[in-house]
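Input: a single structure, listed below in structure tokens.
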Amino acid sequence: MNHTKRKLVAALTSWPWLMGCKQLVSAQSTQDPLQRFRGIGVVLVCDAIAGIELKGVEFYDDRQAIIYASSTQSKKGRAILALGGARVPLTVRVVWHDSSKIVGRKENPNLDTYDGNIIGDYTLPIASRIPDEVLQEIRSHGGALRLKFRLKTDGVLFGWDIERHIGGAFAPLMPGGDFLEMKY
């Protein structure tokens, strides 16, 4: 067998092995979906639909860490905060209570929660809903990923956009999700 044929046979016999390695690398990258967000700044925006006020609001990420809490949440009480060093959660659980009184947790009195019954309890997928195109735009042209939550008595709406300041003015770009309104 000449030298060229040996190279061809070697290449063809190693093809299944190489494809297996490619699939293994792909599987590993999909096992950690948060790698998609590495280096992306995150801003949390939370409000409620007009005309309602919810008490004792808490947001938990997929690790059960509190990422936001407010004694009352309304349209006028919009919260906008940078989540410095934070990761984009896989899911967010949003709860609210029938009281805004702060008490210690039964399992850990050093951690606060709100008194009363939980009357709203919703868990939403987050990381999987953000399109790759949004992340590519941030990496290419700057800005931060805004995770927007709008609470209503019968659920939570989730949306996103890119926060970018152009010429000193705020410019939300590439909105998506359950609501698309961009003017605040």
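Assorted remarks:
- So Arg150, is it within 13 Å of the chain's Cα centre (by Cα), part of a strand (DSSP E or B), crowded, with 16+ Cβ neighbours inside 10 Å and not hydrophobic (A, V, I, L, M, F, W, C): no
- Test: residue in region 112-126 that is within 30 Å of Ala169 (Cα to Cα) and in contact with a helix residue (DSSP H, G or I) (Cβ under 8 Å, 6 or more places away or on another chain): no
- Check on Ala69, surrounded by 14 or more Cβ atoms within 10 Å (Cβ to Cβ), at pLDDT below 95 and either of a type outside the set (Gly, Ala, Ser) or more than 15 Å from Leu157 (Cα to Cα) (or both): yes
- Scope region 48-97; condition assigned to a loop (DSSP other than H, G, I, E, B) and of a type in the set (Lys, Arg); matching residues: Arg63, Lys75, Lys76, Arg78, Arg87
- Qualifying residue in region 117-127 (condition: on the phi > 0 side of the Ramachandran plot, modelled with pLDDT under 95 and not in a strand (DSSP E or B)): no
- Val88 being out of contact with any helix residue (DSSP H, G or I) (no Cβ under 8 Å at 6 or more places or on another chain), β-branched (Val, Ile, Thr) and either touching a residue at least 40 places away in the same chain (Cβ under 8 Å) or more than 23 Å from Gly41 (Cβ to Cβ) (or both): no
- Of residues in region 160-179 being of a type in the set (Phe, Trp, Tyr) and assigned to a strand (DSSP E or B), the one surrounded by the most Cβ atoms within 10 Å (Cβ to Cβ): Trp160
The values are calculated or read from the model by the stated rules, or taken from the named source; none is laboratory data. As the structure is a prediction and not an experimental result, all values here were calculated from the model. Because the Cβ atoms are built from the backbone with ideal geometry, glycine has one as well, and the counts that use them run over all protein chains shown.
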